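Student: Sharing a structure with you now.
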Amino acid sequence: MPAAPSLPRVGISSCLLGEPVRHDGGHRKQPTLLDEFSSQIEWVASCPEVELGLGVPRETIQIELQQGSLALMTHDSRRDITDSMRSWAQQRAAALAAMNISGYVFKARSPSCGVGSVAIVGGGHDGTGLFAAELIRQLPNLPVVEEDQLATHSARQAFLEQVRRYATSTG
């Protein structure tokens with residue numbers, strides 16, 4: 001008897017699964033998204049800040065424009081964690097690529113995970129979080145969304161179809 005086909009793997013920000021990993025110890029669980037996708041995909045969770053070792057609870061972080069370059073800074077202590085996050089992001093993105101993920105659901109407005117929705121302090125525009133940017137750089141055709149882009153059933157189904165097509169084309 002042939003093995004059952006495996007489900008496509010989709011990366012997701014850990015807080016969206018309900019894990020208490022946010023700076024304040026909270027989460028941003030997405031019950032509708034999780035319920036709808038539960039039997040159709042395998043989730044692969046990441047929280048860049050926790051995996052980088054910043055802990056829970058932790059100081060908030062923000063992306064700032066400093067002398068023409070983006071810097072990831074802790075808000076109160078003003079510690080520059082840009083290089084640490086970029087190094088971690090390169091390794092985690094490579095690991096996710098090796099796991100053959102077929103999509104990613106990022107936390108909107110997160111300085112590590114937002115995709116085009118992150119406030120850039122001193123920049124006058126929104127940008128992309130450092131982890132999201134690295135994953136997109138390494139896997140440029142990977143279907144990626146922020147959770148708030150999946151608010152409707154039709155949006156969730158369209159993303160799921162993109163994930164399935166990607167899984168078929170790379171698997």
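A short reminder: the numbers here are calculations on the coordinates, not readings from a lab. Just so it is clear, the model here is predicted, and its values are computed rather than measured. Because the Cβ atoms are built from the backbone with ideal geometry, glycine has one as well, and the counts that use them run over all protein chains shown.
Student: I need a count of the residues in the stretch 1-22 that are under 16 Å from S112 (Cβ atoms) and either β-branched (V, I, T) or surrounded by fewer than 16 Cβ atoms within 10 Å (Cβ to Cβ) (or both).
Tutor: Summing the residues that are under 16 Å from S112 (Cβ atoms) and either β-branched (V, I, T) or surrounded by fewer than 16 Cβ atoms within 10 Å (Cβ to Cβ) (or both) in the stretch 1-22 gives 2.
Student: Across the stretch 1-59, what is the total count of residues that are in a helix (DSSP H, G or I), more than 29 Å from R79 (Cβ to Cβ) and not aromatic (F, W, Y)? First the steps, then the outcome.
Tutor: So the first thing to find is which residues in the stretch 1-59 are in a helix (DSSP H, G or I), and the list is 14-17, 31-37, 48-52.
Subsequent filtering for residues that are more than 29 Å from R79 (Cβ to Cβ) retains 31-37.
Filter once more, so that each one left must be not aromatic (F, W, Y): 31-36.
So the answer is 6.
Student: Can you name every residue in the stretch 85-117 that is surrounded by fewer than 20 Cβ atoms within 10 Å (Cβ to Cβ), small (G, A, S) and assigned to a helix (DSSP H, G or I)?
Tutor: Hits for the stretch 85-117 are S87, A94, A95, A97, A98.
Student: On to the next question. Please find, among S39, S14, the residue that is polar (S, T, N, Q) and under 12 Å from V105 (Cβ atoms). Don't jump to the end; show me each part of the working.
Tutor: Details: S39 fails: under 12 Å from V105 (Cβ atoms).
On inspection, the qualifying residue turns out to be S14.
Student: Mind checking which residues of the stretch 105-149 are farther than 25 Å from T74 by Cβ and within 11 Å of the chain's Cα centre (by Cα)?
Tutor: The first filter runs over the stretch 105-149 and keeps only residues farther than 25 Å from T74 by Cβ, leaving 105, 138-145, 148-149.
Passing the criteria: V105, V144, V145.
Student: Counting just the residues of the stretch 46-58 that are touching an Asp or Glu at 6+ places or on another chain (Cβ under 9 Å) and surrounded by 14 or more Cβ atoms within 10 Å (Cβ to Cβ), which one comes out farthest from S6 (Cα to Cα)? Let's see the steps before the verdict.
Tutor: Residues of the stretch 46-58 that are touching an Asp or Glu at 6+ places or on another chain (Cβ under 9 Å), as a first pass: 47, 50, 55-58.
Narrowing the set further to residues that are surrounded by 14 or more Cβ atoms within 10 Å (Cβ to Cβ) leaves 47, 50, 56, 58.
Numbers: C47: 24, V50: 29, V56: 34, R58: 37 Å.
Per the criteria, the residue is R58.
Student: Here's a follow-up. Of the conditions (1) surrounded by 15 or more Cβ atoms within 10 Å (Cβ to Cβ); (2) farther than 11 Å from F131 by Cα, T82 clears all except one; give me its number.
Tutor: Here T82 clears every test but (2).
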